[in-house]
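Some notes on the structure that comes next.
The values are calculated or read from the model by the stated rules, or taken from the named source; none is laboratory data. Keep in mind that what you see is a predicted model, and the values were worked out from it rather than measured. Here Cβ is always computed from backbone atoms with ideal geometry, including for glycine, and neighbour counts include all displayed protein chains. We work out accessible area using only protein heavy atoms, side chains counted, and drop any ligands, DNA or RNA first. Shrake-Rupley method; radii C 1.70, N 1.55, O 1.52, S 1.80 Å.
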Amino acid sequence: MKPLRDYQVEDVDAIFEEFKEAKSTLYVAATGLGKTRVMTEVAHRMLPGRTLLLAHRTELITQAREAFQERGMGCDIEQAELSAGVSLFTASPVVIASVQTLLSGEEDTKRMRRFDPKHFSLLLYDECHHGVSVGNK
């Protein structure tokens, strides 16, 4: 794995500085600057805590899985016919999930109910601007 670029290290450090004051933060960077690499480094620094990454497209899920695996972190995918482990003893440190999959099903049987939010230390949302547009029909 190639080391992070200097500006990416600075960005990761800034994210953790933000966490000292707030429970959440928004990271924005132009196309091609390595947002996925920054996300994987943040998740790696949060170990042994578990990470849930939400994405809305298969391409983003695949790209993220490759980046986490390159970083040496196991990943489970919750999308379509793929199911992530829920047991803390056998589950991967990262779950990458399709937003659409987590929200599928009847209200009391949605797939997101398989996961206990307390089992995750970090929630990442790739391309979070889609989260706003999904709810506004």
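Points worth noting:
- Check on Ser87, touching a His at 6+ places or on another chain (Cβ under 8 Å), at pLDDT below 90, more than 21 Å from Gln8 (Cα to Cα) and among the hydroxyl-bearing types (Ser, Thr, Tyr): no
- Checked against (1) within 24 Å of Asp11 (Cβ to Cβ); (2) charged (D, E, K, R); (3) open to solvent by less than 20 Å² (accessible area, probe 1.4 Å), Glu78 passes all but a single condition, namely (1).
- Segment 24-51, residues that are open to solvent by less than 30 Å² (accessible area, probe 1.4 Å) and either in a strand (DSSP E or B) or of a type in the set (A, V, I, L, M, F, W, C) (or both): Ala29, Val38, Met39, Val42, Ala43, Thr51
- Arg50 vs. criteria among the basic types (Lys, Arg), under 12 Å from the mean Cα position of the chain (by Cα) and modelled with pLDDT under 95: yes
- On the stretch given as segment 56-75, residues that are within 17 Å of Gly34 (Cβ to Cβ) and open to solvent by 30 Å² or more (accessible area, probe 1.4 Å) total 8.
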